[in-house]
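A quick write-up on the structure given underneath.
Each reported figure results from applying straightforward, stated rules to the coordinates on display, with no laboratory input. From a predicted model like this one, the values you see are computed outputs, not experimental measurements. Neighbour counts are summed over all protein chains in view; Cβ atoms, including those assigned to glycine, are modelled from backbone coordinates with ideal geometry.
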Amino acid sequence: MKNKGLLVVISGPAGTGKGTVVKELAKDENIRVSVSATTRAPRAGEVGGVHYHYLSREQFKDMIAEDGFLEYAEYCGNFYGSPKKQADEWKQEGKDVILEIEVQGCMQVKQNDPECISIFIMPPSVEELESRLRGRGTETEEVILKRLERAKEEMKLSKDYDYIVVNDTVEECVKDIAAVLRAEKLRAKRFA
Ligand code: 5GP
């Protein structure tokens, strides 16, 4: 029996380590990670088409007009969106597709596709989150403070997700998410 792949939304405050967790999950050959589009400038070391598709605001608006996004949202002054076409193709091929996106985007996906699975990755504490954000050394103080405020708001919305997983260690967090996906695949309704 071959099922269509799952659409899995993973959110969590910036600095919670979700990028590392998603990278680990992506080692599974049955999982694909959607490459988002953004109007934010690339950070040092980021590569177009790998980390994001970097678009101008005009290009981003054109893609909205063409109904090219599963969801999109504004986050700290920049637009971010999940391209629809690639995700649909992967799902048809039976691959599980991960969208690593913020909370507004997750709520849009949930509305459009009630079958999607939403997972919120929680930092062990706000203090730990702050130290991880500062440790990155890629952002200005202003951006760090903006992101911390946003993180606190996002954590309040974690109750609207299907699952909450605490990222104490990457290994445990990955194991927990893999267990969620495995159980979801075995739901009787997915065999219909
Ligand atoms: P960053 O600028 O740190 O790469 O990402 C900022 C936030 O935007 C993160 O919470 C990330 O998960 C979220 N994000 C990345 N891509 C998308 C997307 O396609 N849609 C939405 N809604 N959020 C995204």
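Please identify the helices of the chain, taking whole runs of DSSP H, that span at least 20 Å along their own axis as judged from the Cα atoms and have a mean Kyte-Doolittle score of -0.5 or higher.
Details: long enough: 141-156 (23 Å, -1.14); 170-185 (22 Å, 0.16).
Flagged H segments are 170-185.
Decide, for the chain, between rounded, prolate and oblate: order the square roots of the alpha carbon gyration tensor eigenvalues as a ≥ b ≥ c, take rounded if a/c falls under 1.5, and otherwise choose prolate if a/b is larger than b/c, else oblate.
Details: a/c = 1.73, a/b = 1.19, b/c = 1.46.
Oblate is the answer for the chain, as a/c is 1.5 or above yet b/c matches or exceeds a/b.
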Legend entry - Anchor LYS61: lysines whose Cα lies under 19 Å away (excluding residues fewer than 8 positions away in-chain): LYS84, LYS85
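Check each of the trypsin sites (Lys or Arg not before Pro) in the stretch 8-48 and keep only those in coil by DSSP with at most 13 other C-beta atoms within 10 angstrom; list them in order.
Those satisfying the criteria are LYS27, ARG43.
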Inset, instruction - Take the chain, connect every pair of alpha-carbon atoms lying under 10 Å apart with a spring to form a Gaussian network, then pick out the residue of PRO83, PRO13, PRO42 with the largest mean-square fluctuation. - result: PRO42
Legend entry - Pairwise centroid distance, computed over Cα atoms, of the stretch 116-185 with the stretch 1-47, Å: 13
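Relative contact order of the stretch 7-191, please, whole-number percent, based on alpha carbon pairs below 8 angstrom and at least 6 residues apart.
Working: 256 pairs, mean separation 59.8, N = 185.
Reported relative contact order: 32 percent.
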Inset, instruction - Find me the longest stretch of the chain that has none of the exposed GluC sites (Glu not before Pro), where exposed means in a DSSP loop (not H, G, I, E or B) with at most 14 other Cβ atoms within 10 Å. - result: 116-192
